[in-house]
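A short worksheet on the structure shown next.
The values are calculated or read from the model by the stated rules, or taken from the named source; none is laboratory data. Note that the structure is predicted; figures quoted are calculated from it, not measured. Cβ atoms come from the backbone with ideal geometry, glycine included; neighbour counts cover every protein chain shown.
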Amino acid sequence: MKSYYSTVTKLLGNKTGTILEIGSGEGEFLTYLARHTNWDVFGCDIHEHAGNSQDRYSRVEKRLKEATIPLEKYKWMHSGDPLPFESASIDIVVSIQTLEHVEDLSHLFSEIQRVLKPEGSALHYFPTIEILIDPHSGVPFAHRMDSRARRRGLAFFSRLGIGKYRRYRRERKYDLNRFVGEFDRYIEQLCHFRSIDECLRISENSGLKAKLIPPPPLPPVSWVARIVARFTSIYIRQEKEEFARYRGMK
């Protein structure tokens, strides 16, 4: 269980209704929600991010069964597909460490706007381009470099003991060349970091009002989120524009 699962869950609120996790991966957070909340949980992920592990699908299926989540509530799809859910059918959409892997964010946000109920909302926890240390390799600025500079940076910082290389060498028997090559390809092919302002703009253009939130217990104000985004992931909460306007008029 990731340390931030309980924080995300508190921000979602322990209500009733339908919740959809986008980018469910191995199903860890989905099963956490099923065990600790009253939400009716659904999940989805794309085949392209299943990685090289051919048994990932069976691992997800096993985890869902252990949490008594019906298998049909987890949907596999392809990149660029519409979300496999009816319009205005979901109360809450949540994603954790997912948006930095989405190539077409406009498409995803438009789909979120479509599947949310009129009073629904979305919560995303993810790193932006402002973060100083690439959260995948643990190497400073690796996500901001071109491939040639990134390979050099990965090797240089790994030799200094900075980043995740030592853990991968110890736990997975990686040598330096394999570590550098794998993370260079991963960042190049599967990561699409964006600035905070670009994420907010895409959200607004998709009909979703967006608000920045720093990780609790920091005060929930946007300028604090912009500062801490250099060091950690932050939250964006979204509401449909028509509902946000209605709440503003009350």
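Residue under question is residue 85, and the condition is that it be surrounded by 14 or more Cβ atoms within 10 Å (Cβ to Cβ), under 20 Å from residue 8 (Cα atoms), assigned by TED's automatic domain parsing to the domain that holds residue 240 and among the aromatic types (Phe, Trp, Tyr); does it hold?
When the stated conditions are applied, residue 85 does not pass them.
May I ask you to say which residue of 80, 27 is within 20 Å of the chain's Cα centre (by Cα), more than 19 Å from residue 11 (Cβ to Cβ) and surrounded by fewer than 16 Cβ atoms within 10 Å (Cβ to Cβ)?
Matching residue, one of 80, 27: 80.
To keep it simple, each residue is scored yes or no on (1) in contact with a helix residue (DSSP H, G or I) (Cβ under 9 Å, 6 or more places away or on another chain); (2) small (Gly, Ala, Ser); (3) not in a helix (DSSP H, G or I).
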site	(1), (2), (3)
183	yes, no, no
192	yes, no, yes
203	yes, yes, no
209	yes, no, yes
212	yes, no, yes
219	no, no, yes
225	yes, yes, no
232	no, no, yes
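Please name all residue pairs, on different chains or six or more residues apart, with Cβ atoms under 9 Å, provided the first residue is in region 58-83 and is farther than 15 Å from residue 47 by Cβ and the second residue is hydroxyl-bearing (Ser, Thr, Tyr).
63/31; 64/31; 64/74; 66/31; 67/31; 67/32; 69/31
For region 152-171, enumerate the residues that are in a helix (DSSP H, G or I) and surrounded by fewer than 19 Cβ atoms within 10 Å (Cβ to Cβ).
Correct list: 152, 155, 156, 159, 166, 167, 169, 170, 171.
Identify, please: which residue in region 32-61 is buried (at least 22 other Cβ atoms within 10 Å of the Cβ) and outside any strand (DSSP E or B) and is, among those, farthest from the chain's Cα centre (by Cα)?
39
Quick check: is even one residue across region 228-240 modelled with pLDDT under 95 and crowded, with 16+ Cβ neighbours inside 10 Å?
So the first thing to find is which residues in region 228-240 are modelled with pLDDT under 95, and the list is 240.
Cutting the leftovers down to crowded, with 16+ Cβ neighbours inside 10 Å gives us 240.
Within region 228-240, one or more residues are modelled with pLDDT under 95 and crowded, with 16+ Cβ neighbours inside 10 Å.
I'd like to check something: does region 147-160 contain any residue that is in the same structural domain as residue 232 (by TED's automatic domain parsing) and out of contact with any strand residue (DSSP E or B) (no Cβ under 7 Å at 6 or more places or on another chain)?
No, region 147-160 has no match at all.
Scan region 201-214 for residues that are buried (at least 19 other Cβ atoms within 10 Å of the Cβ) and in contact with a strand residue (DSSP E or B) (Cβ under 8 Å, 6 or more places away or on another chain) and jot them down.
Those that are buried (at least 19 other Cβ atoms within 10 Å of the Cβ) and in contact with a strand residue (DSSP E or B) (Cβ under 8 Å, 6 or more places away or on another chain): 203, 208, 209, 210, 212, 213, 214.
Out of the residues in region 1-21 that are outside any strand (DSSP E or B) and of a type in the set (Val, Ile, Thr), which is farthest from residue 232 (Cα to Cα)?
Taking the candidates together, the pick is 16.
List pairs: first in region 26-38 and over 13 Å from residue 6 (Cα atoms), second assigned to a loop (DSSP other than H, G, I, E, B) and among the β-branched types (Val, Ile, Thr), Cβ under 7 Å, 6+ apart or cross-chain?
Here the result reads 38/16, each pair linking region 26-38 to a residue that is assigned to a loop (DSSP other than H, G, I, E, B) and among the β-branched types (Val, Ile, Thr).
Per-residue answers, yes or no, for (1) farther than 23 Å from residue 194 by Cβ; (2) at pLDDT 95 or above:
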| site | (1), (2) |
| --- | --- |
| 8 | no, yes |
| 15 | yes, no |
| 24 | no, yes |
| 32 | yes, yes |
| 65 | yes, yes |
| 74 | yes, yes |
| 94 | no, yes |
| 106 | no, yes |
